[in-house]
1. Looking at Arg72, Arg92, Arg100, Arg61, which one is without any contact (Cβ under 8 Å) to a residue 12 or more places away in the chain and out of contact with any Lys or Arg (no Cβ under 6 Å at 6 or more places or on another chain)?
2. Which condition breaks for Arg141 when tested against (1) among the basic types (Lys, Arg); (2) modelled with pLDDT of 90 or more; (3) out of contact with any Gly (no Cβ under 9 Å at 6 or more places or on another chain)?
3. Quick check on this structure: which one of Leu25, Leu38, Leu53 is closer than 20 Å to Met117 by Cβ and modelled with pLDDT of 95 or more?
4. Give the residue that is least open to solvent (accessible area, probe 1.4 Å), with candidates limited to residues of region 132-155 that are outside any loop (DSSP other than H, G, I, E, B) and of a type in the set (Phe, Trp, Tyr).
5. Output the number of the condition that Leu118 fails; it satisfies all remaining conditions of (1) assigned to a loop (DSSP other than H, G, I, E, B); (2) buried (at least 19 other Cβ atoms within 10 Å of the Cβ).
6. If you go through region 35-50 one residue at a time, do you hit one that is more than 30 Å from Pro172 (Cβ to Cβ) and buried (at least 20 other Cβ atoms within 10 Å of the Cβ)?
7. Pairs only if they're at least six apart or on different chains, beta carbon under 8 angstrom, first in region 131-144 and over 18 Å from Thr121 (Cα atoms) and of a type in the set (D, E, K, R), second open to solvent by 80 Å² or more (accessible area, probe 1.4 Å) and assigned to a loop (DSSP other than H, G, I, E, B); list them, first residue then second.
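The values are calculated or read from the model by the stated rules, or taken from the named source; none is laboratory data. Being a predicted model, the structure only gives us computed values, none of them experimental. Glycine also receives a Cβ, built like all others from the backbone with ideal geometry; neighbour counts cover every protein chain displayed. Calculation scope for accessible area: heavy atoms of the full protein, side chains included, ligands and nucleic acids excluded. Shrake-Rupley method; radii C 1.70, N 1.55, O 1.52, S 1.80 Å.
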Amino acid sequence: MPTLAPDIYATPQIGKLLADEARVLSPLLTRCTGEHGLHLTASLLADPPALPLLGHWATVRVAGPVLGGDVRASGLEALPFTDDAFGVVLLRHALETTARQDNLLDEAIRVLAPGGMLAITGIHPVGLWSPWVARQARGTRPRLTWPWWWSQRLVRDDFELSMPRRLGSAWPRAGGSPVGESMVGGGYMLIARKKRPAAVPLRPRTAAVEAPMPGTLASGARRNARESIP
């Protein structure tokens, strides 16, 4: 298995950022429903949020071209799940460690059920966290990406999108008081809902029908009926 900055995602600093993310993320996903949720993560040390209306999570660690955790598969191929399988998909720093960022997001969209929630978290490329990552990373460096890029992708794919939020402390630290949203936070989060397919409107059409028996129609009733066709 390739080494993809495991020291970064196992550090106390990232652990603190993950905890700060969870404090903001959990209330926003509380109403997510479904039998299954998918947790795509850069670190198996990060537990998915406990959502009361969700059945259970499948957790998959994303490390370059390799997927591990609850499933073992190639990260260069499609996710081994059926279409529309999950009520919520959480990409927790996974887009920083995947070998194919756009492909992983495409797959996350594919396996998300209509009406389901998609959440993305990551390290913001602007701020004091970025040089820290550059110094600490060994092997392949995580790919830090602007959150607006993912926002544009999701809007293009017809998602209902909330504004990206920055959160966590401004600089990497292992302890201290909890930090939620912050204008200079080192992490970011965005949440989007996959729109349901639009219903095809029905066009009414008048069709003449015979009464079942003479005299059985109520007073004032007309000898025709309305039926709908697509």
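1. Arg72
2. Arg141 satisfies every listed condition except (2).
3. On the way: Leu25 fails: modelled with pLDDT of 95 or more; Leu53 fails: modelled with pLDDT of 95 or more.
Answer to the check: Leu38.
4. Applying the filter and picking the extreme gives Trp150.
5. That leaves (1) as the condition not met.
6. For region 35-50, residues more than 30 Å from Pro172 (Cβ to Cβ) and buried (at least 20 other Cβ atoms within 10 Å of the Cβ): absent.
7. Between residues of region 131-144 that are over 18 Å from Thr121 (Cα atoms) and of a type in the set (D, E, K, R) and residues that are open to solvent by 80 Å² or more (accessible area, probe 1.4 Å) and assigned to a loop (DSSP other than H, G, I, E, B), the close pairs are Arg138/Thr3.
Conditions tested, residue by residue: (1) of a type outside the set (A, V, I, L, M); (2) within 22 Å of Gly64 (Cβ to Cβ); (3) in contact (Cβ under 8 Å) with a residue 60 or more places away in the chain; (4) loosely packed, with under 14 Cβ neighbours inside 10 Å.
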position	(1), (2), (3), (4)
Ala113	no, no, yes, no
Ile123	no, yes, yes, no
Val126	no, no, no, yes
Asp157	yes, no, no, no
Gly175	yes, no, yes, yes
Gly180	yes, no, yes, yes
Gly185	yes, no, yes, no
Met189	no, no, yes, no
Ala192	no, no, yes, no
